[in-house]
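First the structure, in the form of structure tokens, and then the observations on it.
The values are calculated or read from the model by the stated rules, or taken from the named source; none is laboratory data. Since the structure is predicted, the reported quantities are computational estimates derived from the model, not experimental observations. Please note: Cβ atoms are built from the backbone with ideal geometry, for glycine as well, and neighbour counts cover all protein chains shown. Side chains are part of the model used for accessible areas, which takes the heavy atoms of the whole protein and leaves out ligands, DNA and RNA. Shrake-Rupley method; radii C 1.70, N 1.55, O 1.52, S 1.80 Å.
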Amino acid sequence: MNDHVPLKKLHIKTYGCQMNVYDSERMVDILRPLGYEVSDKPEGADLVLLNTCHIREKAAEKVYSEIGRLREMREEKEARNEGRMTIVVAGCVAQAEGQEIMHRAPAVDLVVGPQAYHQLPELIARAHRTKGERLSADFAPEAKFDALASGSLAADRAVSGPTAFLTVQEGCDKFCTFCVVPYTRGAEWSRPVKSILDEAKALAAKGVRELTLLGQNVNAYNGLGADGQESTLAKLMYALADIEGIDRLRYTTSHPNDMGQDLIDAHRDLPAVMPYLHLPVQSGSDKILRAMNRKHGRQAYFDLIERIKAARPDLALSGDFIVGFPGETDKDFEDTLDLIRRVGYASAFSFKYSPRPGTPASGMPGQVPDEVADARLQTLQALIIEQQQAFKANLIGQTLDILFEKPGRLAGQAIGRSPYLQSVFVEDAADLIGQIHKVKIVANSNNSLRGELLKVLA
Ligand code: 5AD
Ligand code: SF4
């Protein structure tokens, strides 16, 4: 950057899922050429961007309290004669409640939904001129990805460390009755293979060795291949694994009904595919699964897991669970616990059902009292923690490939991830960041594992 042009400070706060993390990084890439540098705190920032999540009420409400804090900071900044702080709300709350944000939070200068991020520079310039620009984002993901991941931007993408997210698919056509995603992120759409490979090559050239492919329904990926045919996620992963430097592939989030046979086979045949799968089932009760419109029952989930484990016996599973869905009885909840016991998870996310405006479940009879849902959540989480600890304990004594990602808390330490996604720290390994090494797991230590280096692989 030219010495004479003072850098403007940009603070981004990201809520919700990994796709938002990816989008936030891309927004930084877009804004950097305009002279913005990232600041890790909002105080004194010239531009504050909240990348929001609408999935549960709590997540959405956080945005409004954050805007309140920002408004005060803006007033202080102006009182110090340091110029204006522009406040932008992006993400799924922007998409779902754009009008309401402008009403409830006059401090907000610009509201921009997930499909319009490529227009940010222009929109921000307009917002500076006319306070209170309102944008209702339309669903044109193709334009967004063309702009966000076109050659130069992909090449300019800032990377931090040897792992990176890569969005390959957006949106959802499943319409689970509790979920806002089909409304906030729109219909399923897959990026063409070439645009993904270009971005992956640019990342690999910068030292990225592990890609996590993102999509709300990532295993429904069907982007256009170079041959003019639809690709599948498995085919895409074969092409990605061929890129020099790309050693590990992960993907999230998957719907059980989209686990195609070639994807299951890839877990057996493609060494780069990590033996870890996030495969949400939400409930173990057939009645609730039906009410959720999940389009499969519990037995189908068991059968699927059996097939995947036959392909890759050491595969570790994670999932998402909702407790307190309307109509959920003690027996339905017991069925969920039973499913968890039978499957055995390495990790899982669990949530209390949150009625979302506009979704079919929010109007269903039999809403579960809060205390009941709270108690169920506690019981379920205790079971998951138990399984998570058991999974980790079972790794002690095993030798695993660890990709070192960053320095640890103490001098000389490096922290990496196991193939099953646990954090592993090793002493005297700080110079090995970016490399994959064989590590013997020796102890379970709170949130991570402790390992000892065996020998250099790469
Ligand atoms: N209430 C609670 N949890 C929800 N999820 C999605 N919608 C809701 C809701 N209305 C959970 C699901 C999904 C995860 C991303 O969030 O478990 O898989
Ligand atoms: Fe939401 Fe269901 Fe789509 Fe997942 S599959 S994003 S839970 S509607």
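Just a yes or no: is a residue in the stretch 187-196 assigned by TED's automatic domain parsing to the domain that holds S283, more than 23 Å from D29 (Cβ to Cβ) and in contact with a helix residue (DSSP H, G or I) (Cβ under 7 Å, 6 or more places away or on another chain)? Checked against the condition, which is being assigned by TED's automatic domain parsing to the domain that holds S283, more than 23 Å from D29 (Cβ to Cβ) and in contact with a helix residue (DSSP H, G or I) (Cβ under 7 Å, 6 or more places away or on another chain), the stretch 187-196 yields at least one hit.
State whether the residues of the stretch 182-200 include one that is closer than 21 Å to A116 by Cα, assigned to a helix (DSSP H, G or I), open to solvent by 50 Å² or more (accessible area, probe 1.4 Å) and modelled with pLDDT under 95. Steps first, please.
Quick first cut of the stretch 182-200, residues closer than 21 Å to A116 by Cα only: 182-192, 195-196, 199.
With the extra rule that they be assigned to a helix (DSSP H, G or I), the set shrinks to 182-184, 195-196, 199.
Now restrict to residues that are open to solvent by 50 Å² or more (accessible area, probe 1.4 Å): 183.
Subset that is modelled with pLDDT under 95: 183.
Yes, some residue in the stretch 182-200 is closer than 21 Å to A116 by Cα, assigned to a helix (DSSP H, G or I), open to solvent by 50 Å² or more (accessible area, probe 1.4 Å) and modelled with pLDDT under 95.
Suppose the filter is outside any helix (DSSP H, G or I), outside the structural domain of D269 (by TED's automatic domain parsing) and open to solvent by less than 10 Å² (accessible area, probe 1.4 Å); does L317 pass it? The answer is no for L317. Can you spot a residue in the stretch 266-278 that is of a type outside the set (D, E, K, R), within 16 Å of ligand 2 (Cβ to nearest atom), open to solvent by less than 10 Å² (accessible area, probe 1.4 Å) and within 22 Å of Y345 (Cα to Cα)? Yes, some residue in the stretch 266-278 is of a type outside the set (D, E, K, R), within 16 Å of ligand 2 (Cβ to nearest atom), open to solvent by less than 10 Å² (accessible area, probe 1.4 Å) and within 22 Å of Y345 (Cα to Cα). A search for C-beta distances below 7 Å between a residue of the stretch 321-349 that is more than 16 Å from V368 (Cβ to Cβ) and any residue that is away from ligand 1 (no atom under 14 Å from the Cβ) and β-branched (V, I, T), counting only pairs 6+ apart in sequence or on different chains, returns V343/I305. The residues on offer are R26, R32, and the sole one that is over 21 Å from the mean Cα position of the chain (by Cα) and within 17 Å of L123 (Cβ to Cβ) is R32. Screening F165 against (1) modelled with pLDDT under 85; (2) under 17 Å from the mean Cα position of the chain (by Cα); (3) not in a loop (DSSP other than H, G, I, E, B) leaves a single unmet condition, (1). Based on this model, can you work out whether L277 counts as among the aliphatic types (A, V, I, L, M) and assigned to a helix (DSSP H, G or I)? Spelling it out, it is not the case that L277 is among the aliphatic types (A, V, I, L, M) and assigned to a helix (DSSP H, G or I).
Of all residues in the stretch 438-457, those being out of contact with any Gly (no Cβ under 8 Å at 6 or more places or on another chain) and either open to solvent by less than 60 Å² (accessible area, probe 1.4 Å) or of a type in the set (S, T, N, Q) (or both) number 8. Could you please let me know if R417 is open to solvent by 60 Å² or more (accessible area, probe 1.4 Å) and within 20 Å of I246 (Cα to Cα)? For R417, the condition - open to solvent by 60 Å² or more (accessible area, probe 1.4 Å) and within 20 Å of I246 (Cα to Cα) - is met.
For the condition touching a helix residue (DSSP H, G or I) at 6+ places or on another chain (Cβ under 6 Å), open to solvent by less than 10 Å² (accessible area, probe 1.4 Å) and closer than 16 Å to R185 by Cβ, what is the one hit in V93, V63? Don't jump to the end; show me each part of the working.
Numbers: V63 fails: closer than 16 Å to R185 by Cβ.
None of the other options fit; the residue is V93.
Selection of first residues in the stretch 280-298 that are free of Cβ contacts under 8 Å to residues at least 40 places away in the same chain and of second residues that are open to solvent by less than 10 Å² (accessible area, probe 1.4 Å) and within 13 Å of ligand 2 (Cβ to nearest atom), restricted to Cβ pairs under 7 Å at least 6 apart or on distinct chains, gives the following pairs, ordered by first then second residue: L289/S283; G297/L289.
A79: of a type outside the set (S, T, N, Q) and closer than 15 Å to G16 by Cα, yes or no?
Working: of a type outside the set (S, T, N, Q): yes; closer than 15 Å to G16 by Cα: no.
Considered against the rule, which asks whether it is of a type outside the set (S, T, N, Q) and closer than 15 Å to G16 by Cα, A79 comes out as no.
Note on the stretch 32-76: residues that are assigned to a loop (DSSP other than H, G, I, E, B), touching a strand residue (DSSP E or B) at 6+ places or on another chain (Cβ under 8 Å) and without any contact (Cβ under 8 Å) to a residue 60 or more places away in the chain amount to 8.
Take the residues in the stretch 339-367 that are aliphatic (A, V, I, L, M) and touching a Phe, Trp or Tyr at 6+ places or on another chain (Cβ under 7 Å); name whichever of them is farthest from G327 (Cα to Cα). Looking at the filtered set, the residue picked out is A346.
The numbered conditions (1) open to solvent by 20 Å² or more (accessible area, probe 1.4 Å); (2) modelled with pLDDT under 95; (3) of a type in the set (A, V, I, L, M) are all true for I433 except (2).
Of the residues D138, D156, which single one is of a type in the set (D, E) and either at pLDDT 90 or above or not assigned by TED's automatic domain parsing to the domain that holds P256 (or both)?
Answer to the selection: D138.
Applying the set (1) within 14 Å of ligand 1 (Cβ to nearest atom); (2) farther than 27 Å from E97 by Cβ; (3) surrounded by fewer than 16 Cβ atoms within 10 Å (Cβ to Cβ); (4) of a type in the set (A, V, I, L, M, F, W, C) to F349 leaves exactly one unmet item: (2).
Can you find a residue that is assigned to a helix (DSSP H, G or I) and on the phi < 0 side of the Ramachandran plot anywhere in the stretch 219-232? Before the answer, list the steps.
The initial filter retains those residues of the stretch 219-232 that are assigned to a helix (DSSP H, G or I), namely 219-220.
Right, trim to on the phi < 0 side of the Ramachandran plot and you get 219-220.
Yes, some residue in the stretch 219-232 is assigned to a helix (DSSP H, G or I) and on the phi < 0 side of the Ramachandran plot.
Can you spot a residue in the stretch 384-400 that is in contact with a helix residue (DSSP H, G or I) (Cβ under 6 Å, 6 or more places away or on another chain) and open to solvent by 30 Å² or more (accessible area, probe 1.4 Å)? Break it down stepwise before answering.
Quick first cut of the stretch 384-400, residues in contact with a helix residue (DSSP H, G or I) (Cβ under 6 Å, 6 or more places away or on another chain) only: none.
No: the stretch 384-400 contains no residue that is in contact with a helix residue (DSSP H, G or I) (Cβ under 6 Å, 6 or more places away or on another chain) and open to solvent by 30 Å² or more (accessible area, probe 1.4 Å).
Restrict the check to the stretch 292-314 and report whether at least one residue is more than 26 Å from G171 (Cα to Cα), among the polar types (S, T, N, Q), more than 16 Å from ligand 2 (Cβ to nearest atom) and assigned to a helix (DSSP H, G or I). Yes, the stretch 292-314 contains a residue that is more than 26 Å from G171 (Cα to Cα), among the polar types (S, T, N, Q), more than 16 Å from ligand 2 (Cβ to nearest atom) and assigned to a helix (DSSP H, G or I).
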